[in-house]
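Q: One structure follows; several queries about it will come next.
The values are calculated or read from the model by the stated rules, or taken from the named source; none is laboratory data. This structure is a prediction, so every number in the text was calculated from the model and none was measured. Every residue, glycine among them, receives a Cβ derived from its backbone with ideal geometry; neighbour counts consider all protein chains shown.
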Amino acid sequence: MSEPHPTVTAPGKLMLSGEYAVLEGAPALVAAVDARALISLGPDDADQPARPTPEADAARSLAEAELGAVEGRLRVDVSALRSDGGTQKLGLGSSAAAAAGAAACVALAHGLDLDAERRRVLRWALAGHRAVAPEGSGADVAACVLGGVVRFVRSKHESARRLDWPDGLELRVVWTGVEARTSDFIQRVRAFESRDAVHFEALINRLSNEAERFADAFERGSPAPIVEQVGRYGHAMEALGRAADAPIVERTLRHVAALAREAGGAAKPSGAGGGDVAIAFFQSVNAAEDFERRCQASEMAILPLRIDSSGVAAEG
């Protein structure tokens, strides 16, 4: 039975590894988090502003092209993925969550079961997001649709599969206080590729190799190699940023990495860098709590985010 006014929630995301390298075919690990966007299709209501996004509109159109048009005004609320009352972007994938939610709303409006049709929803959401932001990998969309931790490979035979979170691995998320636009950093990296293809290839190969090692370590499930790979990937991102004249690992992100090392862990940017959030990994709760205290002393905000095993889902 169809839903007359379907409403769904979709999780935000954290890029764990694979930034930049995923665009060249390397695996990315991306995780859904328990800050969730609210997306609905319903009647026009002047008292409830719609605030749709281009990615959501495109995903809706693609789903409708396959299933048939549905009535209702698309409403997108991503305030849970932002701070300061929804005005400040955190880098948690609000546009990806919106695209996932819009595609899911159309599916529900046609009476489809989201769990059974999750791969179709992913296809519509990916295509809709890329129609607006072709420079993105799509890894964030995969996490928003599927939930949990996803190993994503962008290639001719694109793949996205769920992974288990390793026992004993602790994650903390730090807000840098600085907003960053992924597209700006990708443009700088592409400009670097155009002017020095040989150097670019060497640095991307380094990132790709580290991304493979990160994914392998994560699947094996031992925290120590994962923490080591977090540090290695962060250093590789910093090297790319220096060569591309792009502050991928800027001052605050370097400070977070230093605090994590002092606590016995490792940290890196989550996403393209330049600000937004940093992620820090540890082999014990004690080390993670030590890191939290160091961040507090440095007046840096820890975001209370946890991995969310649920992907896009009907509300309630």
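Q: Among the candidates 128, 147, single out the residue that is in contact with a Pro (Cβ under 7 Å, 6 or more places away or on another chain) and of a type in the set (Gly, Ala, Ser). Even if it seems obvious, please write down each step before you answer.
A: Working: 128 fails: in contact with a Pro (Cβ under 7 Å, 6 or more places away or on another chain).
Being in contact with a Pro (Cβ under 7 Å, 6 or more places away or on another chain) and of a type in the set (Gly, Ala, Ser) holds for just one of 128, 147, which is 147.
Q: Where in region 66-158 are the helices (runs of 4 or more DSSP H), entirely inside, with at least 1 residues that are hydroxyl-bearing (Ser, Thr, Tyr)?
A: On the way: elements: 94-109, 118-132, 139-146.
Helices (runs of 4 or more DSSP H) meeting the threshold: 94-109.
Q: State yes or no: is residue 194 over 16 Å from residue 307 (Cβ atoms), surrounded by fewer than 14 Cβ atoms within 10 Å (Cβ to Cβ), free of Cβ contacts under 8 Å to residues at least 24 places away in the same chain and hydroxyl-bearing (Ser, Thr, Tyr)? So that I can check it myself, show each step before the final result.
A: Numbers: over 16 Å from residue 307 (Cβ atoms): yes; surrounded by fewer than 14 Cβ atoms within 10 Å (Cβ to Cβ): yes; free of Cβ contacts under 8 Å to residues at least 24 places away in the same chain: yes; hydroxyl-bearing (Ser, Thr, Tyr): yes.
Judged against the criteria, residue 194 is a match.
Q: Report, by residue number, each residue of region 187-204 that is in a helix (DSSP H, G or I) and more than 22 Å from the chain's Cα centre (by Cα). Walk me through how you get there before you give the answer.
A: At the first step, the residues of region 187-204 found to be in a helix (DSSP H, G or I) are 187-195, 197-204.
Result: 191, 192, 193, 194, 195, 197, 198, 199, 200, 201, 202, 203.
Results for (1) more than 22 Å from residue 152 (Cβ to Cβ); (2) of a type outside the set (D, E, K, R); (3) not assigned by TED's automatic domain parsing to the domain that holds residue 12, shown as yes or no for each residue.
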site	(1), (2), (3)
192	yes, yes, yes
205	no, yes, yes
238	yes, no, yes
252	yes, yes, yes
258	yes, yes, yes
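Residues are listed down the side, and each one gets a yes or a no for (1) modelled with pLDDT under 95; (2) under 29 Å from residue 214 (Cβ atoms); (3) surrounded by 16 or more Cβ atoms within 10 Å (Cβ to Cβ); (4) in the same structural domain as residue 137 (by TED's automatic domain parsing):
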position: 28; (1), (2), (3), (4): no, yes, yes, yes
position: 47; (1), (2), (3), (4): yes, no, no, yes
position: 64; (1), (2), (3), (4): no, no, yes, yes
position: 68; (1), (2), (3), (4): no, no, no, yes
position: 76; (1), (2), (3), (4): yes, no, yes, yes
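Q: Taking region 258-276 only, how many residues are closer than 15 Å to residue 302 by Cβ and of a type outside the set (Asp, Glu)? So that I can check it myself, show each step before the final result.
A: Residues of region 258-276 closer than 15 Å to residue 302 by Cβ: 259-260, 263, 265, 267, 270, 276.
Adding the requirement that they be of a type outside the set (Asp, Glu) leaves 259-260, 263, 265, 267, 270.
Going through region 258-276 one residue at a time, the tally reaches 6.
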